[in-house]
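Here's the structure we're looking at; comments come further down.
The values are calculated or read from the model by the stated rules, or taken from the named source; none is laboratory data. Computed from a predicted structure; not experimentally measured. So basically every Cβ, Gly included, is an ideal-geometry build from the backbone, and we count neighbours across all protein chains shown.
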Amino acid sequence: MLSMKQKEDTRSTGNGTLIFTWIALLLLTGLTVWIAGVNTDRHGVAVNIIIASVKAGLVLFVFMRLKYESLFFRLILLLIVITLTAIMALTFLDVLYR
Amino acid sequence: MQALVKYTDDVDAKMGMWLFLFTEMLFFGGMFLLYAVYSTKYSADFSGSSSELNRVIGTFNTLILITSSFTAALSLSEIKKGALQSASICLGITALIGIVFLIMKYIEWSAKIGHGIYPGSAYLNEMAHGKVLFYSLYFVMTGIHAFHVLIGIAVFIVILFMLRNGTVRENNSIKLENAALYWHFVDIAWIYLFPLLYLLR
Amino acid sequence: MGTDFYMNTEGRKGVLSWILSTDHKRIGLLYLYAVLGFFLIGVIIGLLMRLELMAPGRTIVNARAYDSLFTLHGIIMIFFFIIPGVPSSLGNFFLPLQIGARDVAFPRLNLLSWWLYVIAGLTAISTIFLPGGPPDTGWTLYPPYSIKTPTNVSGTALAAFIVGFSSILTGLNFITTIHRLRAPGMTWFRMPLFTWTLYSTAWVQVLATPVLAITLLLLILERAFGTGFFDPAKGGDPLMFEHLFWIYSHPAVYVMILPAMGIISEIVPTFSRKTVFGYKAIVFSGLSIATLGYVVWGHHMFTSGMSDVSSMVFSFITFAVAVPSGIKVFNWIATMYKGSVEIKPPLLYAFAFIFLFSIGGLTGLVNSAVATNVHIHGTFFIVAHFHYTMFGGAGFAFFTGLHYRLPKMTGRMYNFRASTVACIVLFIGFNILYFPMFLLGWQGMPRRYYDYPPEFHGNNFISTIGSWILAAGLLIMFINLARSLFKGEKAGNNPWDGTTLEWQVSSPPPQENFEKIPHITRGPYSREKNIL
């Protein structure tokens with residue numbers, strides 16, 4: 001394994017991609033504020049959570065370079081998402097049916 | 001006393017950082033769980049209180065924090081190309097935006113505290129239960145987030161010095177990379193906090 | 001080469017060469033001493049509690065002091081002895097040796113985690129002397145009482161918060177080490193089982209501890225500012241604290257027991273002169289214990305007023321987690337079958353572990369059925385159950401590990417006869433101490449009370465006698481082990497004919513562990529030699 005180690009990671013994301021992602025994030029923020037303004041019921045919140053997840057995904061994969069990382073990192077991210085979902089679901093089994 | 005052979009590399013350090021960030025996600029996850037339960041139980045109070053928050057400052061802070069995340073990513077991309085000068089500038093901008101974020105947070109908090117709204121205040125305790133919990137969650141969640149921002153700024157200032165004295169350079173950028181990873185996580189936490197706290201109505 | 005790690009002080013003098021060292025072997029020993037120190041404090045508090053319960057009415061302390069005693073006993077034993085016990089001491093020392101690495105991935109972080117542990121320990125102890133006095137809530141710190149009590153709950157919560165941070169750092173260090181620093185040829189399924197269980201444990205530490213951290217922080221804020229999250233008077237839900245608390249604290253019992261199982265899984269094949277039966281079954285049962293153990297926390301809350309739907313779901317998953325634990329016991333027994341079993345002290349302690357842990361595990365099934373749980377919840381039955389699993393299980397496995405590995409750590413061998421006597425005394429004392437508690441609990445004696453009606457006197461009296469026998473056993477064992485440091489014979493590099501990598505280096509191990517990184521060509525329990 002030692003021989004397989006690379007000293008450092010020289011792959012760099014192009015500045016164009018970074019700028020594009022940045023603008024997309026700003027636009028999504030605008031969208032989410034707009035939705036909250038026009039949509040006053042609970043659906044608006046759900047849509048905004050989904051938009052937030054898209055934004056988080058952009059940050060993770062582009063800014064945090066997850067697209068370059070090994071499969072392991074993505075699997076762990078999945079593990080965390082599953083863990084949080086499981087905690088939420090099991091707690092709501094109590095809260096909703098109490 | 002011989003110096004130990006270097007047996008670890010940047011990928012190890014990055015894996016450690018990611019694992020740490022995953023623990024941070026679960027740390028915030030505990031608060032989101034509380035939020036989920038109480039917002040289900042007191043949905044009307046939560047919407048009502050949410051509309052009392054300053055949405056302009058909230059949106060502004062979201063936009064600048066995203067921008068700071070962008071400049072942090074840019075800084076890393078520049079240093080990998082060997083452009084140390086522009087990497088330093090990007091990093092400096094990131095830290096500055098962090099400070100602006102905290103100043104806005106301070107203004108926002110002082111306004112609320114000025115109205116007598118803070119956890120444990122007599123004024124707040126007389127309000128509906130859902131409002132008490134919403135404002136407590138608001139102060140605790142944004143407070144813990146702001147603490148993370150503060151740590152991030154301190155780390156960036158240290159890294160700026162390291163860039164200057166050559167500890168961090170194009171072929172040894174892991175410290176900058178890990179600091180940026182941490183900053184992006186702080187950004188992601190805010191990306192979720194923003195709609196949950198400010199945009200509920 | 002040739003200088004063992006005791007000789008290499010990195011230019012520092014005396015105690016500084018220890019508390020500033022980033023060598024995983026020195027940090028492992030630092031942890032060992034610190035952990036044993038806290039164990040001693042916990043034992044003394046436990047003995048005092050038993051003394052109080054020896055007779056009805058006030059015996060040595062009043063009700064208020066008794067509340068603090070059981071709280072401190074729980075906090076110290078759980079957060080400062082069992083959770084860090086095996087992974088941080090034996091794990092730190094042997095993980096890099098077992099996978100053929102020079103050190104852990106982040107040596108400085110490793111040292112930091114020891115410092116945090118010590119600071120947390122001092123914080124916890126300091127609550128006794130600070131105004132307000134030691135906490136009286138029980139180690140679970142349940143609100144609303146923990147919000148109202150004037151005692152030092154916040155200090156205790158802060159201590160547990162800091163030690164949790166130390167635990168997270170150890171966990172992420174171990175995961176990275178195992179992923180990145182294995183020697184060439186050390187594939188995942190050539191890793192020793194102790195390392196495998198440390199790996200599962202590390203994941204639980206990383207995934208569960210942050211939830212405890214935020215819970216304790218929220219409790220501190222609740223006490224300081226009155227945030228109201230867990231205060232029913234302000235609309236908060238105390239059950240949410242219980243949920244969050246057990247989301248950590250149930251997986252934490254697997255942090256305690258998994259490395260214990262790892263120790264036993266290595267010792268049984270070594271002393272049976274056989275390869276382990278069902279290596280992969282042990283690996284995967286360890287991983288599934290870690291996974292299932294994460295989603296059973298609700299079984300601590302059956303009588304709390306939680307919904308019936310969730311009680312049923314949690315009860316079912318709890319039954320499921322017994323399956324992989326059972327698999328491990330069968331694997332150990334099957335490993336010994338037709339082996340040339342050689343009963344030396346480590347194996348003797350392992351036998352005690354298997355017996356006591358089985359009783360603990362089986363009574364766990366009694367607890368996990370909702371209907372019986374309602375009857376025995378909050379009684380001495382629970383106290384007996386978790387002492388059988390945590391002390392009879394994790395604690396005895398820690399003693400097993402010490403007897404197996406101390407000769408490697410110090411290079412010196414202890415007296416076999418004394419350790420055999422100690423083991424027998426411990427085993428007898430343990431059962432006299434804790435078995436009557438099953439009976440008491442079944443009769444309905446609640447836990448955490450300093451007084452009881454006269455009909456419970458007999459069993460309580462027997463139990464207190466048992467606590468003295470157990471203490472005598474501990475005394476014999478530790479004196480014998482400590483004596484070996486100074487007067488023990490040279491142990492040699494491989495006193496037990498072990499097959500994993502650490503037995504192929506000298507005792508005590510050299511500074512850099514391996515002269516050159518070994519190349520692994522075989523499984524961990526195969527009896528051919530690796531090329532060093």
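Considering the conditions (1) more than 10 Å from chain B (Cβ to nearest Cβ); (2) among the β-branched types (Val, Ile, Thr); (3) surrounded by 24 or more Cβ atoms within 10 Å (Cβ to Cβ), C:VAL211 is excluded by exactly one of them, (1). Listed by first and then second residue, the pairs with beta-carbon distance under 9 Å, at least 6 apart or on different chains, first residue in region C:1-14 and within 12 Å of chain B (Cβ to nearest Cβ), second at pLDDT below 75 and surrounded by fewer than 15 Cβ atoms within 10 Å (Cβ to Cβ), are C:ASN8/B:MET1; C:ASN8/B:GLN2; C:THR9/B:MET1; C:GLU10/B:MET1; C:GLY11/B:MET1.
Go through the residues of region B:152-167 one by one and say whether even a single one is within 14 Å of chain C (Cβ to nearest Cβ), of a type outside the set (Lys, Arg) and crowded, with 18+ Cβ neighbours inside 10 Å.
Looking for residues that are within 14 Å of chain C (Cβ to nearest Cβ), of a type outside the set (Lys, Arg) and crowded, with 18+ Cβ neighbours inside 10 Å, one finds none in region B:152-167, hence no.
Taking region C:477-506, which residues are closer than 25 Å to C:GLY339 by Cβ and among the polar types (S, T, N, Q)? If the condition is that a residue be closer than 25 Å to C:GLY339 by Cβ and among the polar types (S, T, N, Q), then C:ASN493, C:ASN494, C:THR499, C:THR500, C:GLN504 are the ones that fit.
The single condition among (1) at the interface with another protein chain (Cβ under 7 Å from one of its Cβ atoms); (2) without any contact (Cβ under 8 Å) to a residue 40 or more places away in the chain; (3) buried (at least 18 other Cβ atoms within 10 Å of the Cβ); (4) not in a loop (DSSP other than H, G, I, E, B) that B:THR71 does not satisfy is (1).
Put simply, of C:ALA224, C:ALA260 the only residue that is among the small types (Gly, Ala, Ser), assigned to a helix (DSSP H, G or I), out of contact with any Cys (no Cβ under 7 Å at 6 or more places or on another chain) and under 30 Å from C:GLY361 (Cα atoms) is C:ALA260. Scanning region B:109-143 for residues that are hydroxyl-bearing (Ser, Thr, Tyr), in contact (Cβ under 8 Å) with a residue 12 or more places away in the chain and more than 11 Å from chain C (Cβ to nearest Cβ) yields one hit, B:THR142.
Given the criteria surrounded by 22 or more Cβ atoms within 10 Å (Cβ to Cβ) and not charged (D, E, K, R), does C:SER146 qualify?
Yes: the conditions hold for C:SER146.
Residues in region C:111-138 that are surrounded by fewer than 20 Cβ atoms within 10 Å (Cβ to Cβ), in contact with a Ser or Thr (Cβ under 9 Å, 6 or more places away or on another chain) and not in a helix (DSSP H, G or I): C:ILE128, C:GLY132, C:GLY133, C:GLY138.
Can you pull out every residue in region B:36-55 that is facing another protein chain (nearest Cβ under 10 Å) and assigned to a helix (DSSP H, G or I)? Selection gives B:ALA36, B:VAL37, B:TYR38, B:SER39, B:THR40, B:LYS41, B:SER43, B:ASP45, B:PHE46, B:SER47, B:SER50, B:ARG55.
Conditions tested, residue by residue: (1) of a type outside the set (A, V, I, L, M, F, W, C); (2) under 22 Å from C:ILE476 (Cβ atoms); (3) at pLDDT 95 or above; (4) within 22 Å of the chain's Cα centre (by Cα).
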{"position": "C:HIS375", "(1), (2), (3), (4)": "yes, no, no, no"}
{"position": "C:ILE382", "(1), (2), (3), (4)": "no, no, yes, yes"}
{"position": "C:HIS385", "(1), (2), (3), (4)": "yes, no, yes, yes"}
{"position": "C:PHE399", "(1), (2), (3), (4)": "no, yes, yes, yes"}
{"position": "C:THR420", "(1), (2), (3), (4)": "yes, yes, yes, no"}
{"position": "C:VAL425", "(1), (2), (3), (4)": "no, yes, yes, yes"}
{"position": "C:PHE435", "(1), (2), (3), (4)": "no, yes, yes, yes"}
{"position": "C:GLY444", "(1), (2), (3), (4)": "yes, no, no, no"}
{"position": "C:PRO454", "(1), (2), (3), (4)": "yes, no, no, no"}
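In the set C:GLY42, C:GLY46, C:GLY37, only one residue is under 22 Å from C:THR209 (Cβ atoms) and part of a helix (DSSP H, G or I); that residue is C:GLY42.
Condition check ((1) in a helix (DSSP H, G or I); (2) within 12 Å of chain C (Cβ to nearest Cβ); (3) surrounded by fewer than 17 Cβ atoms within 10 Å (Cβ to Cβ); (4) modelled with pLDDT of 95 or more) across all residues:
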position: B:VAL5; (1), (2), (3), (4): no, yes, yes, no
position: B:ASP12; (1), (2), (3), (4): yes, yes, no, no
position: B:PHE28; (1), (2), (3), (4): yes, yes, no, yes
position: B:MET31; (1), (2), (3), (4): yes, yes, no, yes
position: B:ILE66; (1), (2), (3), (4): yes, no, no, yes
position: B:SER77; (1), (2), (3), (4): yes, no, no, no
position: B:GLN85; (1), (2), (3), (4): yes, no, yes, no
position: B:ILE107; (1), (2), (3), (4): yes, no, yes, yes
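Scanning region C:7-25 for residues that are in a loop (DSSP other than H, G, I, E, B) and loosely packed, with under 15 Cβ neighbours inside 10 Å gives C:MET7, C:GLY11, C:ARG12, C:LYS13, C:GLY14, C:VAL15, C:LEU20.
For region C:84-105, a residue qualifies if it is among the small types (Gly, Ala, Ser), within 14 Å of chain B (Cβ to nearest Cβ) and assigned to a helix (DSSP H, G or I), but none of them does.
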